Number of protein chains: 2
Amino acid sequence: MRDIYHEELDGISDKLVEMTRLVRSAMTRAVNALLDADLRLAEEVIGGDDRINKIDAEIEETVFDLMARQQPVAGDLRTLVTALRMSGDLERMGDLAVHLAKTARRRHPESAIPPELQVIVLEMGQIAERMVAKAGSVIASKDVELGMELDADDDAMDRLHRRLFDIMLSPKWQHGVEPAVDISLAGRYFERFADHAVHVAENVVYIVTGQRPEELNELN
Amino acid sequence: MRDIYHEELDGISDKLVEMTRLVRSAMTRAVNALLDADLRLAEEVIGGDDRINKIDAEIEETVFDLMARQQPVAGDLRTLVTALRMSGDLERMGDLAVHLAKTARRRHPESAIPPELQVIVLEMGQIAERMVAKAGSVIASKDVELGMELDADDDAMDRLHRRLFDIMLSPKWQHGVEPAVDISLAGRYFERFADHAVHVAENVVYIVTGQRPEELNELN
């Protein structure tokens with residue numbers, strides 16, 4: 001029985017990695033939809049979210065099923081609960097990519113991102129993609145060091161987020177209210193996406209070490 | 001042993017209700033801080049969030065401790081995992097009240113909310129307060145009917161959220177970019193707050209009936 005149990009745990013881990021791949025792909029396309037006003041990409045992200053939600057539901061079902069059938073011990077229970085949380089975080093990240101895609105769709109055929117913000121949004125997208133890719137590697141490899149790297153990426157995202165606001169609120173801003181509203185919200189979506197990626201990695205660190213990253217940092 | 005176990009489950013439920021009270025109070029003060037540019041209220045919300053986070057951490061500790069010591073059966077495990085989720089939702093709702101309070105603080109001594117939006121923001125705040133108060137009642141009473149009422153409140157919140165944007169994006173808008181940025185984000189915080197309140201109530205419905213509200217609605 002224990003072997004089947006651990007096979008099923010591996011299955012959950014594989015599904016989480018698959019979610020990171022789908023979320024990364026959704027984010028890549030959402031950013032390009034925003035920058036290039038590409039309606040087809042936007043629709044792909046919006047239509048593709050069901051697949052991410054479906055895997056989240058499958059993971060939840062497997063976790064509750066394992067809990068019911070196997071009476072796992074404390075450490076394994078913690079792993080299962082943590083898997084649920086990671087799945088929830090990844091599901092939200094998919095939703096945030098959808099929000100970005102919907103912004104692109106609403107503004108089509110124009111781009112929602114004025115020229116002077118294109119590079120910043122491109123960079124925010126690249127950091128977001130990197131963070132979810134790293135989260136996937138951390139889940140697959142249980143690499144605690146890599147897991148703790150995401151904090152630095154998150155700081156970089158916060159810096160870009162502040163620059164976005166500085167530009168919008170400067171007297172030189174020529175684009176008026178509507179793009180500012182879109183970009184405020186888009187900035188928030190990127191920031192939340194990064195936060196969720198950090199949580200995913202933190203949860204792996206927690207499973208492996210039994211400690212939260214902030215506790216590990218205090219020890220160093 | 002089972003009696004102590006159920007006492008501890010009741011203790012978790014009491015803590016969740018206490019969280020709803022603290023979150024409601026934080027939201028009330030945050031909205032008044034926004035409308036009246038009241039710095040003292042804003043600081044209270046920002047400083048008070050630790051208490052909400054502390055209860056969230058206590059619930060998590062109790063849940064993992066119960067799982068480890070009591071080897072609960074499937075139904076009880078589901079209740080415990082669901083309690084963790086509710087606690088997480090309420091913790092986020094506290095954060096969203098803090099975001100609103102920080103917006104008020106950043107704009108002080110001015111109000112972040114222009115006169116023509118004060119009534120809408122007041123109403124959004126009232127719905128938010130009602131939703132978290134209802135969520136608290138639903139946790140305490142396990143009242144499934146009341147739990148299913150929150151969807152209607154959420155719809156009302158969405159309608160106000162859309163009106164907020166309609167006014168900001170109308171040609172009559174005179175307040176420029178900076179208030180529009182604040183209000184876009186504030187609107188998003190209210191909307192997310194309502195979503196989390198719906199999730200809390202849904203989770204109670206799930207514990208009591210074993211079904212998600214959308215499944216119950218399909219049966220009706």
Exam field: residue B:11 pseudo-label spacings to other copies (7 Å along Cα-Cβ), nanometres: 3.6
Net charge, residue B:123 excluded, C-beta distance under 15 Å - Lys, Arg +1, Asp, Glu -1: -4
Could you state the principal axis extents of the C-alpha atoms in the range B:2-127, from the largest down, to the nearest angstrom? 56, 24, 16
Other-copy label distances relative to residue A:110, 7 angstrom Cα-Cβ extension, nm: 2.4
Sorted by Cβ neighbour density within 10 Å, fewest at the top, the residues A:45, A:81: A:81, A:45
How are the alpha carbon pair distances in the range A:60-110 distributed across 5 Å bins from zero to the largest one, expressed in percent? 5, 18, 17, 13, 11, 9, 8, 7, 6, 4, 2, 0
For chain A, compute the number of Lys pairs whose alpha carbons are separated by less than 26 Å, excluding pairs fewer than 8 positions apart on the same chain. 8
Return A:103, B:82, A:209 ranked ascending by Cβ neighbour count within 10 Å, so the fewest neighbours appear first. A:209, B:82, A:103
Residue-averaged beta-carbon neighbours from other chains (10 angstrom radius) around B:65-73: 3
For chain A, averaging the sequence separation of alpha carbon pairs under 8 Å that lie six or more residues apart and dividing by its residue count, the contact order in percent is 28 percent
Nitroxide proxy distance, nm - points 7 Å out along Cα→Cβ at residue B:163 and residue A:155: 4.5 nm
Rg to Rh quotient for the protein assembly as shown, alpha carbon positions, Kirkwood Rh: 0.96
Put a dot 7 Å past each Cα toward the Cβ at residue B:7 and residue A:175; how far apart are the dots in nm? 6.1 nm
Among residues other than residue B:132 whose Cβ falls under 9 Å from its Cβ, what is the net charge (Lys/Arg +1, Asp/Glu -1)? +3
Kindly give Rg over Rh for the range B:86-151, based on alpha-carbon atoms, with the Kirkwood expression for the hydrodynamic radius. 1.08
If R₀ is 25 angstrom, what is the calculated FRET efficiency for the pair residue A:212 and residue A:58, using the beta carbon separation as r and rounding to 0.05? 0.35
Given the rotation that superposes chain A on chain B, what residue of A brings its beta carbon nearest the axis, and what is the distance in Å? A:184, 2
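Mean residue ellipticity at 222 nm from the helices of chain A, using -39,500 (n - 2.57) per DSSP H segment of n ≥ 4 over the full residue count, to the nearest 500 deg cm²/dmol? Walk me through the numbers on the way to the answer.
On the way: 7 runs with 193 residues, N = 220.
The helix-only estimate for chain A comes to -31500 deg cm²/dmol at 222 nm.
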If one puts a single equal scatterer on every Cα of the range B:2-214 and applies the Debye formula without solvent, what log₁₀ I(q)/I(0) results at q = 0.07, 0.10, 0.14, 0.18 Å⁻¹? -0.24, -0.46, -0.81, -1.16
Most fluctuating residue given options A:119, A:177, A:200, as computed from a GNM of chain A linking Cα atoms under 10 Å: A:177
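Values in this text are rule-based calculations from the coordinates and carry no lab data. In this text the structure is predicted, and so the values were computed from the model without any measurement. Don't worry about glycine lacking a Cβ; one is built from the backbone with ideal geometry, like all the others, and counts go over all protein chains shown.
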